[in-house]
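Below is one structure, written out as C-alpha cells; comments come after it.
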Amino acid sequence: MGTITENIRSISSSLPPSVKLVAVSKTKPASSIEEAYAAGQRIFGENRVQEMEEKYGLLPKDIEWHLIGHLQSNKVKYIAPFVSLIHAVDDEKLLETIDKEGRKNNRVIDCLIQIHIAAEETKFGFTEEEVESFLLSGRWKHLKNVRICGLMGMATFTEDTAQIQHEFHGLSTFFQRMQQGVMSEHPEFNQLSIGMSGDYPIAIQEGSTLVRVGSAIFGDRH
Ligand SMILES: *Cc1c(COP(=O)(O)O)cnc(C)c1O
C-alpha cells in the first residue's frame, strides 16, 4: 500500500479516459482529502450527509462532492446546495424530494438510479423491471430540477470474480438497453457507476464510467 498521492496517481493513470475516479473518503479526515486534492483528485465520494457537509465547509470549493450511500429524504436539504451527483436514488419519493430541494436552490441536481444487483438481501435499490417501467412511465419528465444521468450498482461482496463480472455485465446490458431505448433522446443518461476497490478493473471491462474507490486510495477504514 503506497501513500495517498501514489495511490491516486497509479489508479488514475490506469483508468481509460472514459472512466472517472470517485475517491471515496468516508470516515477519513479532511487532511487525507487535501493530500488527494494536491495529487490532482477533484471528485470525492461520501456516504453520510453530515460528514459530507462538514468536509464541504472545510475544503476547496472546486471539489465535486458525490453522495454515494443511501440518502434519506429528510436530509436532502443539507446537500442540495452543493452536491454534484447523487449516486443511489432508490425510491421515487426521494427523487421528488431532490427535485423540490433543487428548485429551492435554483439548481438541477444530477442523480443516478440504484439497481439492486447483488445476491445479498440488505442492499438498497430497484429491480431492473421497476426502473424500466418508471422510465417508460415518463413520471420523471416533469421533475425539472433533477437530471437522471444513469445507473449505479454494487456487486455481491464475494471473492468469486465470475459472479461479480456476471452481475456487472447484467447491469451494463440493461443500462445500454435503456440508453438505446426509452432514454435515447436523453444524452445525459450516460453514466454507469460500478466498481469499488476490490472489483473496479472488472467494472471497467464491463463499461463503468464512474468507479468508487476508497480503501485502495486511503487505506482500510476502522
Ligand atoms: C464505501 C463505499 C465504496 C468504496 O469502497 P472500497 O471498497 O473502500 O473502495 C464504494 N461505494 C459505496 C456505495 C460505498 O459505500
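The values are calculated or read from the model by the stated rules, or taken from the named source; none is laboratory data. Just so it is clear, the model here is predicted, and its values are computed rather than measured. All Cβ positions, even for glycine, are placed from backbone atoms using ideal geometry, and neighbour counts span all protein chains on display. Side chains included, ligands, DNA and RNA excluded: accessible areas come from the protein's heavy atoms. Shrake-Rupley method; radii C 1.70, N 1.55, O 1.52, S 1.80 Å.
Residues considered: ILE86, ILE164. Of these, the only one that is part of a helix (DSSP H, G or I), among the β-branched types (Val, Ile, Thr) and within 16 Å of the ligand (Cβ to nearest atom) is ILE164.
For residues in region 90-106 being farther than 16 Å from LYS141 by Cα and of a type outside the set (Asp, Glu), which is nearest to the ligand (Cβ to nearest atom)? Only one residue fits best here, namely ASN105. Evaluation of GLU188 against the conditions (1) within 18 Å of GLU130 (Cα to Cα); (2) touching a strand residue (DSSP E or B) at 6+ places or on another chain (Cβ under 9 Å); (3) not hydrophobic (A, V, I, L, M, F, W, C) shows that the sole unmet condition is (1). Each residue in region 118-158 was checked for being modelled with pLDDT of 95 or more, in a loop (DSSP other than H, G, I, E, B) and among the acidic types (Asp, Glu), and 0 of them qualify.
Please verify whether HIS222 is open to solvent by 40 Å² or more (accessible area, probe 1.4 Å) and away from the ligand (no atom under 16 Å from the Cβ), treating the condition exactly as stated. Considered against the rule, which asks whether it is open to solvent by 40 Å² or more (accessible area, probe 1.4 Å) and away from the ligand (no atom under 16 Å from the Cβ), HIS222 comes out as no. Open to solvent by less than 10 Å² (accessible area, probe 1.4 Å), touching a helix residue (DSSP H, G or I) at 6+ places or on another chain (Cβ under 6 Å) and under 29 Å from GLN165 (Cβ atoms): does that describe VAL89? Yes, satisfied. Flag set for LEU171, criterion: within 15 Å of the ligand (Cβ to nearest atom) and open to solvent by less than 30 Å² (accessible area, probe 1.4 Å). Checking each residue in region 100-117 for being in contact with a Cys (Cβ under 9 Å, 6 or more places away or on another chain) and surrounded by fewer than 22 Cβ atoms within 10 Å (Cβ to Cβ) picks out only ASP110. For region 197-219, taking the residues that are in a helix (DSSP H, G or I) and among the small types (Gly, Ala, Ser), the one that is nearest to the ligand (Cβ to nearest atom) is identified as SER215. Among the residues of region 184-196, some residue qualifies, meaning at least one is among the β-branched types (Val, Ile, Thr) and within 13 Å of the ligand (Cβ to nearest atom). Only residues that are in contact with a strand residue (DSSP E or B) (Cβ under 7 Å, 6 or more places away or on another chain), within 16 Å of GLY57 (Cα to Cα) and either open to solvent by 20 Å² or more (accessible area, probe 1.4 Å) or not hydroxyl-bearing (Ser, Thr, Tyr) (or both) were counted in region 1-29, giving 1. Filtered by the rule that a residue be assigned to a loop (DSSP other than H, G, I, E, B) and open to solvent by 70 Å² or more (accessible area, probe 1.4 Å), region 30-68 gives ARG42, ARG48, LYS61, ASP62. Out of curiosity, is GLN179 surrounded by 13 or more Cβ atoms within 10 Å (Cβ to Cβ), touching a residue at least 40 places away in the same chain (Cβ under 8 Å) and not in a loop (DSSP other than H, G, I, E, B)? So GLN179 fails the test.
Taken over region 182-196, residues that are in contact (Cβ under 8 Å) with a residue 40 or more places away in the chain and part of a loop (DSSP other than H, G, I, E, B) amount to 7.
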